[in-house]
1. Enumerate the pairs (first residue in segment 154-179 and farther than 11 Å from residue 51 by Cβ; second residue anywhere and near ligand 2 (Cβ under 9 Å from one of its atoms) and assigned to a helix (DSSP H, G or I)) with beta-carbon separation below 7 Å, excluding pairs fewer than 6 apart on the same chain, so at least 6 apart or on different chains.
2. When only residues in segment 171-181 that are within 16 Å of ligand 1 (Cβ to nearest atom) and either surrounded by fewer than 24 Cβ atoms within 10 Å (Cβ to Cβ) or among the aromatic types (Phe, Trp, Tyr) (or both) count, which is farthest from residue 114 (Cα to Cα)?
3. Which of (1) modelled with pLDDT under 85; (2) outside any loop (DSSP other than H, G, I, E, B) does residue 107 not meet, given it meets every other one?
4. Would you check which residues across segment 85-96 are within 16 Å of residue 196 (Cβ to Cβ), loosely packed, with under 13 Cβ neighbours inside 10 Å and at pLDDT 90 or above and list them?
5. Failed condition for residue 75, given (1) within 22 Å of the chain's Cα centre (by Cα); (2) surrounded by 17 or more Cβ atoms within 10 Å (Cβ to Cβ); (3) among the aromatic types (Phe, Trp, Tyr), with all others met?
6. Restricting to segment 110-133, name every residue that is more than 12 Å from ligand 2 (Cβ to nearest atom), at pLDDT 85 or above and either over 30 Å from residue 187 (Cα atoms) or charged (D, E, K, R) (or both).
7. Residues in segment 134-153 that are under 24 Å from residue 58 (Cα atoms) and either away from ligand 2 (no atom under 14 Å from the Cβ) or surrounded by fewer than 15 Cβ atoms within 10 Å (Cβ to Cβ) (or both): how many?
Amino acid sequence: MTQVFARSSMYNLMHEGLLQQISDPDDRNYEPLIDFENQSILRLPYFGRVHFVKEKMGLLCSSLILFYWIYGNWYTYNFIIIPHIIDGFLQPHAIILYGVISILTIVAFFRASFADPGKVYKDTHEMNSYGDDWTWCKICCIRRPNRSHHCKKCGHCTLKMDHHCPWINNCVGEGNHYLFMQLVFYAFVLSFMTLVLCILHMYVLPRCRSCDIQSVAVVYNRMCTYIAVGMSICMTCSSFGLFFTNHLSLHFDFTTLEWIILLGEIKKKQLGLPRIL
Ligand SMILES: [Zn+2]
Ligand SMILES: [Zn+2]
C-alpha cells in the first residue's frame, strides 16, 4: 500500500513536472518531452534541452569524429608532449595550450550535435517575425518561413537550413550555425597543431631519452605517428575547407542548400541550351 502510494505520488510529481514544463511560458514553442520519429529530446540538468537524432550513418560518422579526438589526444600527449617535456625539449605550457584547444573542440562538437538546429514548430507567434513569405511543407503539413527546408534524416523542417551534417549527426540551421562554425574553427586549430607536433616529432625533435624501450610510445611509435599524421591531414584540410566555404556563404548570405539549388539550375540551363538551339 505504501509502495502504491509512493508510486502514485511519484507519478503525480512527474506529471505535474511535465505539465509545468509544457506550460512554462519560455517553453511554449516547444513540444512536450516525447520521442519524435527520428529524434529524442531530453532535458538534462546543467545542459538544458538536448536534441539527439537517431540516424545510423550519422551515429557512425560522429563516433568516428569522437574516435579521432580520443586517439589524437592519447597519441599527442603520450608520444610527443609528455616525453619531450620530460626530456626538456618542449615547454610545460604545451600541455595547457593543447588541452584548452582540445576541450574547446569537444565542447563545440557536443553543443553543435545536441543543439536545436531551428526546428519549425506549429503555430508559434514568434514565427510571425519571419514575415509573410512562407512556404508549405508537404511532409510535416505545416507552414514554414521562407528558406526553411525539410530534413529527411531529422524528420522535421529546419529554419534557414544550411545542410544536414552526418559528422555532427544534426542539421545545420539557424539555431546552431554559429556552433558549427565554432566547431570547424577549433577542429582546424587542433588538427593543425597535431600535424605540426607530428612533424616536429618526426623530423626536428630528438628521440625520447626518458621513454622505456618496452613502452608503447617506443614500440609502436612509427605506426601510431603515421596514423596520427594521416588523420590530422584529413581533418586539417576538411575543416579548413568547411570554414572557408561557410564564411563565403555567410558573406553572400547563401546557405549550402541554396548554392546547390543555384548550381543545379545553372546546370539545367546549360544542358537545356542545345535543345533550344
Ligand atoms: Zn517538413
Ligand atoms: Zn537534419
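1. Short answer, once both residue conditions are applied: 166/58.
2. So, considering only residues that are within 16 Å of ligand 1 (Cβ to nearest atom) and either surrounded by fewer than 24 Cβ atoms within 10 Å (Cβ to Cβ) or among the aromatic types (Phe, Trp, Tyr) (or both), the one farthest from residue 114 (Cα to Cα) is 174.
3. (1)
4. Scanning segment 85-96 gives no hits.
5. For residue 75, the exception is condition (1).
6. Within segment 110-133, 111 is the sole residue that qualifies.
7. 3
Let's see how each residue does on (1) crowded, with 17+ Cβ neighbours inside 10 Å; (2) over 16 Å from the mean Cα position of the chain (by Cα); (3) modelled with pLDDT under 95; (4) not in a helix (DSSP H, G or I):
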residue	(1), (2), (3), (4)
183	yes, no, no, no
188	yes, no, no, no
202	no, yes, yes, no
209	no, yes, yes, yes
214	no, yes, yes, yes
222	no, yes, yes, no
240	no, no, no, no
247	no, yes, yes, no
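The values are calculated or read from the model by the stated rules, or taken from the named source; none is laboratory data. Keep in mind it's a predicted model, so treat the numbers as computed, not measured. A quick note on method: Cβ atoms are made from the backbone with ideal geometry, for glycine too, and the neighbour counts reach across all protein chains shown.
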